[in-house]
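The values are calculated or read from the model by the stated rules, or taken from the named source; none is laboratory data. This one's a predicted model, so the numbers in the text were calculated from it and none came from an experiment. Here the Cβ positions follow ideal geometry from the backbone for every residue, glycine too, while neighbour counts run over all protein chains shown.
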Amino acid sequence: MEQTGTSKNVLIIIPCYNEEGNIAKVLASLRSVSIPGVNIRALPVNDSSKDNTLLEIKKLTSVYINLPINLGIGGAVQAGYKYALKNNFDIAVQFDGDGQHPADYIARLIEPILNNESNVVIGSRFLDKQGFQSSALRRFGINYFKYLIKFMLGVTVTDSTSGFRALDKKTIRLVCDYYPDTYPEPEAIVIYTLNALKIKEIPVVMKDRESGQSSIGSFSSIYYMIKVTLGILFIYIRLKGNGKRSAL
Amino acid sequence: MENVVPYKIQLLSIVGSLLFMLFIFRLIVKGKLREEYSIVWIVCTLFLMVFAFWRNGLDIVAKLLGVYYAPALVFLGAIFAIIIFLVHLSVINSKLQKQMKDLAQEHALLKAELQKKDA
């Protein structure tokens with residue numbers, strides 16, 4: 001990566017809810033990442049976990065955000081984006097605290113932003129179809145979102161629920177204004193597209209989670225699909241009505 | 001014309017709506033109910049009072065609207081008012097939730113900043 005001038009600052013936002021068994025490994029994997037010309041800072045966001053996640057985080061780092069009340073994944077990640085904006089980071093990467101996201105892909109994830117090719121980069125499990133592919137029910141849901149988004153926006157995102165993404169400065173500013181609270185990932189794609197941001201997907205290999213619970217139980221998958229569909233539809237109408245400006 | 005409202009129930013409605021009005025006023029005075037939310041309740045009570053005193057009122061309004069069974073108008077109005085108020089509460093709830101989220105984030109960010117200064 002040939003960067004002209006000074007090095008870029010990258011913030012890795014790690015939303016954690018009851019991840020006491022995973023967070024140490026996640027932070028260790030991030031510490032081993034080194035990219036020339038890039039300063040990396042990991043920022044765990046404890047979303048009022050009921051277990052000892054906060055204690056674990058405190059043992060490992062002094063840079064973290066501890067939310068006083070549970071806001072859900074969207075609110076936790078947005079807190080991280082607000083931190084990135086406040087502290088003038090160039091790129092923010094969302095990196096799940098459950099150990100599913102591969103730290104060694106971060107270099108590839110931020111590369112299109114460093115080269116000014118795109119504003120948002122999403123790590124997709126389905127481009128190369130390698131690694132953990134999720135359950136059949138979830139894949140069905142992800143395919144459904146793929147067609148829904150393609151039908152409405154004309155763009156194809158193979159893994160719209162992937163939380164492994166990198167945002168550039170312009171996008172960070174946008175999501176600080178508005179970011180959905182629950183199940184934000186597919187809805188965020190609609191926001192990015194309607195704000196004329198360039199989205200790129202790169203293939204990544206993800207693992208199955210090692211311990212703890214996913215934020216989406218299989219029993220609430222139907223609720224997830226309905227909620228996200230409504231969210232996508234309403235954000236689409238709202239942004240179209242606003243003449244494609246910002247989300248609020 | 002036969003009255004739809006007999007005397008006993010008229011007395012009951014007058015007393016009932018007066019007590020309700022008193023209850024609302026007490027809540028406002030004690031600071032347990034904000035004025036902006038009390039307006040809707042005061043309007044409702046006034047409506048109740050008007051029809052409690054104006055004996056033929058319900059009958060006349062029902063005939064005017066083409067409602068054959070006058071008491072049904074009472075239920076219709078009441079249910080409509082309740083639904084509107086519930087939507088109103090949902091809107092307030094959504095607003096509160098957003099404000100709470102912003103506050104929680106701001107609070108956490110400030111705490112993180114303090115930590116950085118201490119370190």
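The table for this structure:
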{"quantity": "Subset of the range A:100-133 that is more than 19 Å from A:A188 (Cβ to Cβ) and in contact with a helix residue (DSSP H, G or I) (Cβ under 7 Å, 6 or more places away or on another chain) - its residue that is modelled with the highest pLDDT", "calculated": "A:A103"}
{"quantity": "Complete set of residues in the range A:65-81 that are surrounded by fewer than 23 Cβ atoms within 10 Å (Cβ to Cβ) and either outside any helix (DSSP H, G or I) or at the interface with chain B (Cβ under 7 Å from one of its Cβ atoms) (or both)", "calculated": "A:N66, A:P68, A:I69, A:N70"}
{"quantity": "Enumeration of residues in the range A:10-26 that are away from every other protein chain (no Cβ under 14 Å) and modelled with pLDDT of 95 or more", "calculated": "A:V10, A:I12"}
{"quantity": "Residues satisfying the stated conditions in the range A:127-175, i.e. in contact (Cβ under 8 Å) with a residue 40 or more places away in the chain and assigned to a loop (DSSP other than H, G, I, E, B)", "calculated": "A:L127, A:D128, A:Q130, A:F132, A:S135, A:V155, A:V157, A:T158, A:D159, A:S162, A:G163, A:F164"}
{"quantity": "Of the criteria (1) crowded, with 23+ Cβ neighbours inside 10 Å; (2) touching a Leu at 6+ places or on another chain (Cβ under 8 Å), which one A:I122 fails", "calculated": "(2)"}
{"quantity": "Residues being within 26 Å of A:F132 (Cα to Cα) and in contact with a Gly (Cβ under 9 Å, 6 or more places away or on another chain) - total across the range A:164-179", "calculated": "3"}
{"quantity": "Pick from the range A:82-113, criterion of a type in the set (A, V, I, L, M) and buried (at least 23 other Cβ atoms within 10 Å of the Cβ), ranking: nearest to A:N9 (Cα to Cα)", "calculated": "A:I91"}
{"quantity": "Some residue of the range A:45-56 being more than 28 Å from B:K117 (Cα to Cα) and at pLDDT below 95", "calculated": "no"}
{"quantity": "Qualifying residue in the range A:93-115 (condition: part of a loop (DSSP other than H, G, I, E, B) and free of Cβ contacts under 8 Å to residues at least 24 places away in the same chain)", "calculated": "no"}
{"quantity": "Number of the exception - A:G80 against (1) small (G, A, S); (2) touching a helix residue (DSSP H, G or I) at 6+ places or on another chain (Cβ under 9 Å); (3) at pLDDT 95 or above", "calculated": "(2)"}
{"quantity": "Pick from the range A:27-60, criterion part of a loop (DSSP other than H, G, I, E, B) and in contact with a strand residue (DSSP E or B) (Cβ under 7 Å, 6 or more places away or on another chain), ranking: farthest from the other protein chains (Cβ to nearest Cβ)", "calculated": "A:G37"}
{"quantity": "Selection status of A:D90, closer than 18 Å to A:I113 by Cβ and in contact with a strand residue (DSSP E or B) (Cβ under 8 Å, 6 or more places away or on another chain)", "calculated": "yes"}
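Residue-wise test of (1) within 14 Å of chain A (Cβ to nearest Cβ); (2) out of contact with any strand residue (DSSP E or B) (no Cβ under 6 Å at 6 or more places or on another chain); (3) at pLDDT below 90; (4) under 30 Å from A:I57 (Cβ atoms).
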residue: B:V74; (1), (2), (3), (4): no, yes, yes, no
residue: B:G77; (1), (2), (3), (4): no, yes, yes, no
residue: B:S90; (1), (2), (3), (4): no, yes, no, no
residue: B:S94; (1), (2), (3), (4): yes, yes, no, no
residue: B:Q97; (1), (2), (3), (4): yes, yes, no, yes
residue: B:A104; (1), (2), (3), (4): yes, yes, no, yes
residue: B:A108; (1), (2), (3), (4): yes, no, no, yes
residue: B:A112; (1), (2), (3), (4): yes, no, no, yes
residue: B:Q115; (1), (2), (3), (4): yes, yes, yes, yes
